[in-house]
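Trainee: The structure under discussion is supplied below as structure tokens; questions concerning it will follow.
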């Protein structure tokens, strides 16, 4: 099968991309608007960028009407956010926060998700998240317009919260203890429990796979 992305409808392109680009880590992003109302939403177009300066990104696609997501609107008003990492134990609450709510309504309140105060930014973090990155906005890059266009948010990591329960004897994050989930196509997710190692080639720049 050969697909011409120059003529493929956006919804079909989206379906193919999320089916093939897997597994995708999930950024559970908490924000506040100018009025101080909180928002919490998951994004699976998410990745680290670099460590110097420590930077990550997530991409918030416009909805089917071309409207920006509340998360993007909030970051434009208050340029700070928290990326909460999602373990298997929080898969259910995370999924609930994908429910469309009226602008200004809080997913924290609606779905009874406990918050914890951040140290350097205004949005709260998810209290039960094993890792949370507090970020200040670096920039927003808009890609495309209208429905399924995107707003790529780059954040400078200013602080991280790491629960002791996910650390190994070497004080590094143990992937088995972290037990994150990844987004697949459709309603499918994957659990990061099936681990293997591959030694990095001498002089190579690719990070070594996690040990199990």
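Trainee: Hey, can you rank 174-180, 23-29 by average C-beta count inside 10 Å, highest first?
Mentor: Sorting 174-180, 23-29 by mean packing, highest first, produces 23-29, 174-180.
Trainee: Further question on the same structure: Which value in nm describes the separation of the simple spin-label points at residue 177 and residue 141, placed 7 Å from the Cα toward the beta carbon?
Mentor: With each label point 7 Å from Cα toward Cβ, the separation is 3.5 nm.
Trainee: Oh, and also: Compute the FRET efficiency between residue 164 and residue 89 as 1/(1 + (r/R0)^6), taking r as their Cβ-Cβ distance and R0 = 22 Å, and round to the nearest 0.05.
Mentor: Step by step, r from the Cβ atoms, then E = 0.90.
Trainee: A further question on this structure: Return the whole-Å distance between the Cα centroid of segment 1-55 and the Cα centroid of segment 88-150.
Mentor: 13
Trainee: Please work out whether segment 11-127 counts as rounded, prolate or oblate from its C-alpha gyration tensor, where a ≥ b ≥ c are the square roots of the eigenvalues and a/c under 1.5 means rounded, while otherwise a/b larger than b/c means prolate and anything else oblate?
Mentor: In terms of gyration-tensor shape, rounded.
Trainee: Continuing with the same structure: Can you give the calculated 222 nm mean residue ellipticity of the chain, where each DSSP H run of n ≥ 4 adds -39,500 (n - 2.57) and the sum is split over every residue, rounded to the nearest 500 deg cm²/dmol?
Mentor: Only helices count here, giving -4000 deg cm²/dmol.
Trainee: Please report the relative contact order for segment 1-80, taking Cα pairs under 8 Å with a sequence separation of at least 6, and give it as a percent rounded to a whole number.
Mentor: With pairs under 8 Å counted, the relative contact order is 25 percent.
Trainee: Pop a pseudo-label 7 angstrom from the Cα along the beta-carbon direction at both residue 116 and residue 96 and give the gap in nm to one decimal.
Mentor: 1.9
Trainee: Averaging sequence separations of C-alpha pairs under 8 Å and six or more residues apart, then dividing by the length of the chain, give the relative contact order as a whole percent.
Mentor: Relative contact order for the chain comes out at 23 percent.
Trainee: Points 7 angstrom from Cα along the Cβ direction at residue 52 and residue 200: gap in nanometres?
Mentor: Distance between label points: 1.4 nm.
Throughout, read-outs are computed from the coordinates displayed, never taken from laboratory work. Source: prediction; values computed, not measured. Neighbour counts run over all protein chains shown; Cβ positions are idealised from the backbone, glycine included.
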